[in-house]
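Comments concern the structure below.
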Amino acid sequence: MTAKVESSGADVASRPLPLQGIRVLDFLWLGAGAWGSRYLASFGAEVIRIEWHEKHDFLRFNRPYLYPGDDRPVDDASPNRGGHFNNINPGKLGISLNIHHPKGKALFRRLLATADVVTENFTATTMERWGLGYNALRAVRPDIIYCQQSGFGHTGPYRDYRSMGPVAAGISGITAMSGLPERPPAGFGFSYLDVMAPWLLAVAVMAALRQRRRTGQGQHLDLSQVGAAFQFLGPALLDFQANGRAYRRTGNASPHIPAAPHGVYRCHGREDWIAIACFDEAQWQALVREMGNPVWASSADFASLEQRLAKNGELDRQLSSWTALHQKYALMRRLQAAGVPAAACQTAADRVERDEQLAARGFFVPLPHSEIGEYRVESIPGRLERTPASAGGRLGRGAPCYAEDNEYVYRELLGLSAKEIEDLKRTEAA
Amino acid sequence: MTAPLDGLRVLEFCDQRGEFAGKLLAALGADVVKVELPHGSPTRAIGPFLDDLPGPERSLFFWHYNEGKRSLTLDLDSANGRDYALALIRSADVVLESLPGHWIADQAPGALTTTPTLIWCAISDFGKDGPWAGYQASDLLHLALGGQMMVSGYPADDEGRFDAPPIAPQMWHAYHMGGLAAVMNLMAALSYRDTCGLGQFIDLSIHEACANQTEIHLSYFLAAGVCLDRQSQFAKSVARDGTHMVTMVAGFGDPVHRILEWAEDAGLTHDLTAEEYDDPAHLRSRPGRARIDELISRLVATGTAGEIFAEAQARGLTWAPIRLPHENLQDAHFQFRHTFAHVQPPEAPGAYWNSGAAWLSDTMPWLSGRPSPRLGEHNAAVGREWLDSALREPN
């Protein structure tokens, strides 16, 4: 049985982690992108977020705010209480550095000489304009791994186009594929590609590290958030070309693995739902038994999967009137025990407070934070038995306060004196 | 150009829960051998099918999720088949398995003891332990439990009422989330093995992958105890050709100002001012949002999707058309970036465009354009290559 893993600093420091010894200079900010380096940190890389107060990551200031659990004073103007920021960036270090200042740029180059990876998700020409494009980077560190992820990518007619989650999902096809056939597209209720593309970025960085181990060469990777989507869209692309058929929305139906019933059904409560899917006769018969063998279910209209599919609407109506009498979790447990695939539709609150599986697996992890005290994050999916990931990275810590790790990076890593650091601060270089 | 996983031997025992992970590993250069029962993987029966005629080489699902792999058939119910499987495992670098409860899943502890360099990634619906470990799931059920469904679909009206149930995003996204999470963990495990020679077991729960994937919804609740409802995709406006457009009023620069400027240039009358939107709360309010949305609708209706897209982006607005996937095949941008690759699947009358490069790089390729395998196509080759080199160094 894979054990729950604690994430406290002392405990993590003694554990082997897959990416220990790897240093990442991280310009990934906002939502899309920043998740990618979170996973690198959780696998043990030292991820140093480089920030400058003149253009703050606005997620530092966005609601919802985290509040300390105790009665310590709270500064409303603090850049450290943004809930999403703290959720996306645990385990990373944070320094303030003005790379537009000559001394700041010089410091960056010194850090670069010691780094393995540079990551960023700025618009396409930004790093080049700052004199920090790939050629400039590898002049300092020849085997640097430079991984960029922008909306549409660093080349092509849409290189300078603006993208955010809904744009990426809209143009690629993700949005159009979800919803009801006779209504406009509904899509995902959040920016799916904002987290999926960064997962791909984490894979890309680890693949590049491997490539470098084997060839000795640095790597330059150009990723596009919109481009990532097409990895998930193969069947729709192929159906159009092979069969001349444009994708048509199907709501919650399962046209490609026939099933009936297959959908969501109201449970007792204002907006409580359960998803039920019967793919074979055994599952259907088990459902019928659980319903108490109602007369309607034994009708010839529902005797086979084909017939149930033909009478889909009536089947759903009958099933709904039964599910409406039950609480969603009680019904899920009961149906699963009887061999019927059933799942409560969970909200965020449900996942945090009522999902017994996530609780048993230690999915929500408390992490220390200098200003807030402690807060919870979701852990990394996947249990590595020998080298479990740490939600708080090597430090076993939540997201960095702004400039929190200046002392460590400037004093310990770069050997600057206290006076030099004070000068940098005074001249707005760091 | 060598690929990052060149030479890496991956033995795959997977249904739809794990095939996407295997496909990604193949694209990274691994030799992914898919073990199938003699009558074929059940995923060969998942539609749609070429010409809508089912057949083991005609499943478009199988074509996509198994590109670049090799196929080997084994009767895993027979003693001979099981011995052969164990011999292949001894020769593998990675076992990718998504068949919990099957004999093959039970072989993990023994295999890892026999071969300490082995990485065994077990993908299951809920993980190896916990109260739901034995539960059944499906794509729909994962999106219900993962939280996607409760925030997707058609948003409530002004009185907070819904007129449609929660709707699962389509198609197969639970397995995209599980598969990509599995590959992330596999790459980390490979990193560790590269440095110290030790493999390990990976327990991948699709449910945990999905629960991780609702972007701001969990962080909103964890911070503020608030559950957000279904969120709009900013897709209400319709261009002259009937295409819905994503029309965000967000991002850097002053989008409201730019929209008003464009409206003026287009000769549209209105009574909005940029100043009223100086307070961001006004844009978030229903009347404030409604006023700008009405103007945006009229603006979008003045051109085709292509015209509005080009004009909006030229003016620095974060807008785009809502397309179906295939509508991007002719787009010069995606062609330029090798977003699609030509592939000729088994039994297809010709080559089709399918997903191509996930990144562009001069030194690290993403392998695409290699068809999915015919059933048992590589039985002889794999036997020859994998089993005659049992004494080779681990990769």
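Results, tabulated for the structure shown:
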read-out: GNM flexibility winner over chain B from B:324, B:96, B:140 (Cα, springs under 10 Å); value: B:324
read-out: Total formal charge among the other residues, if their Cβ is under 14 angstrom from that of residue A:400, Lys/Arg +1 and Asp/Glu -1; value: -1
read-out: Charge context of residue A:223, other residues only, Cβ under 12 angstrom, K/R +1, D/E -1; value: -1
read-out: Spread of Cα-to-Cα distances over 10 Å intervals beginning at zero, given as percent, for region B:110-239; value: 11, 31, 30, 17, 8, 3, 0
read-out: Gyration tensor (Cα) of chain B, equivalent ellipsoid semi-axes in angstrom; value: 47, 24, 20
read-out: Where the Cα pairs of region B:94-166 fall when distances are cut into 5 Å bins, in %; value: 3, 13, 17, 15, 12, 10, 9, 7, 5, 4, 3, 2, 0
read-out: Rounded to the nearest 20 debye, dipole of region A:57-108 from Cβ charges on Lys, Arg, Asp, Glu; value: 320 debye
read-out: Check: the protein assembly as shown dipole with +1 on Lys, Arg Cβ and -1 on Asp, Glu Cβ, in debye; value: 1160 debye
read-out: Separation between Cα centres of region B:40-91 and region A:295-370, rounded to whole Å; value: 31 Å
read-out: Gain upon complete extension [residue A:317, residue A:182; 0.36 nm per residue less C-alpha separation]; value: 46.6 nm
read-out: Efficiency of FRET from Cβ geometry, residue B:75 and residue B:384, R₀ 22 Å, rounded to 0.05; value: 0.65
read-out: Whole-number D in µm²/s for region A:108-200 (Stokes-Einstein; Kirkwood sum over Cα pairs; 37 °C, 0.692 mPa s); value: 214 µm²/s
read-out: FRET efficiency for residue A:270 and residue B:271, using Cβ-Cβ distance with R0 set to 35 Å, rounded to 0.05; value: 0.35
read-out: Residues of type lysines that residue A:311 reaches as a straight line, Cα spacing below 30 Å, ignoring anything fewer than 8 places off in the same chain; value: A:328
read-out: Cubic angstrom per residue, convex hull over Cα atoms of region A:212-271; value: 250 Å³
read-out: Accessible surface, per residue, of chain A when the full set of protein chains is kept, probe 1.4 Å, Å²; value: 36 Å²
read-out: Partners for residue B:34 among lysines (Cα-Cα distance below 22 Å; same-chain residues under 8 apart left out); value: B:23, B:69
read-out: Three semi-axes of the equivalent ellipsoid, the protein assembly as shown, Cα gyration tensor, whole Å, largest first; value: 39, 35, 27
read-out: Alpha-carbon Debye profile of region B:219-290, log10 I(q)/I(0) at 0.15, 0.17, 0.23, 0.28 Å⁻¹; value: -0.69, -0.85, -1.27, -1.38
read-out: Per principal axis, descending, Cα span of region B:156-208 in whole Å; value: 60, 20, 13
read-out: Overall dimensions of region B:182-314 as given by Cα atoms, namely Rg and Dmax in Å; value: 22.4, 70
read-out: Top positive-direction residue, dipole computed over region B:180-301 with Cβ charges, set B:183, B:266, B:247; value: B:183
read-out: Scattering profile of region A:291-430 at q = 0.15, 0.17 Å⁻¹ [log10 I(q)/I(0), Debye over alpha-carbon scatterers]; value: -0.94, -1.05
read-out: Debye-sum result for region B:12-157 in log10 I(q)/I(0), which assumes one identical scatterer on each alpha carbon, at q = 0.11, 0.15 Å⁻¹; value: -0.49, -0.87
read-out: Estimated inter-spin distance, residue A:215 and residue A:128, nm [label 7 Å along Cα→Cβ]; value: 2.2 nm
read-out: Listed residues B:203, B:158, B:125, most fluctuating in chain B (Gaussian network, C-alpha, under 10 Å); value: B:158
read-out: Hypothetical label at residue B:1: residues of region B:352-381 whose amide nitrogen lies under 20 Å (7 Å Cα-Cβ projection); value: B:353-371
read-out: Orientation-averaged projected area, Cα convex hull of region A:143-293 (nm²); value: 14.5 nm²
read-out: Charge dipole of the protein assembly as shown about the Cα centre (unit charges at C-beta), most positive-ward option of A:243, B:59, A:89; value: A:89
read-out: Size of electric dipole in region B:279-333: Cβ of Lys, Arg +1 and of Asp, Glu -1, about Cα centre, debye, nearest 20; value: 300 debye
read-out: Net +/- balance of residues flanking residue A:270 in space, Cβ distance below 13 Å, scoring K and R +1, D and E -1; value: 0
read-out: Neighbour-limited loop hits for chymotrypsin sites (Phe, Trp or Tyr not before Pro), region B:125-194 (at most 15 other Cβ within 10 Å; DSSP other than H, G, I, E, B); value: B:162
read-out: Calculated FRET value between residue B:113 and residue B:162, using beta carbons and R₀ = 51 Å, to 0.05; value: 0.45
read-out: 222 nm mean residue ellipticity, helices alone, for chain B (DSSP H n ≥ 4; -39,500 (n - 2.57); rounded to 500); value: -10000 deg cm²/dmol
read-out: Positive-end residue of A:56, A:373, A:205, charge dipole of chain A with Cβ unit charges; value: A:205
read-out: Rg(Cα) / (2.2 N^0.38 Å) computed for region B:279-324, rounded to two decimals; value: 1.30
read-out: From the C-alpha gyration tensor of region A:328-410, square roots of 5λ in Å; value: 36, 15, 8
read-out: Length gained when the stretch residue B:286-residue B:310 is fully extended (0.36 nm per residue, less Cα-Cα span); value: 5.8 nm
read-out: Linear extension gain, residue B:224 paired with residue B:347, 0.36 nm per residue minus alpha-carbon span; value: 38.8 nm
read-out: For chain A, the spread of Cα positions along each principal axis, largest first, Å; value: 86, 55, 42
read-out: Two-decimal Rg/Rh across region B:259-340, once Rg and the Kirkwood Rh are taken from alpha-carbon atoms; value: 1.07
read-out: Mean ellipticity per residue at 222 nm, deg cm²/dmol - from DSSP H runs of n ≥ 4 across chain A, formula -39500 (n - 2.57); value: -9500 deg cm²/dmol
read-out: Selected from B:167, B:206, B:322 as most flexible by GNM, with chain B as the system and alpha-carbon contacts under 10 Å; value: B:322
read-out: Cα-Cα pairs of region A:31-103 separated by more than 15 Å (percent); value: 61 percent
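The values are calculated or read from the model by the stated rules, or taken from the named source; none is laboratory data. On a predicted model such as this, the values are computed, not experimentally measured, just so you know. Positions of Cβ are generated from backbone atoms using ideal geometry, with glycine treated the same way; all protein chains shown enter the neighbour counts. What goes into the accessible areas is simple: the full protein's heavy atoms, side chains included, and nothing from ligands, DNA or RNA. Shrake-Rupley method; radii C 1.70, N 1.55, O 1.52, S 1.80 Å.
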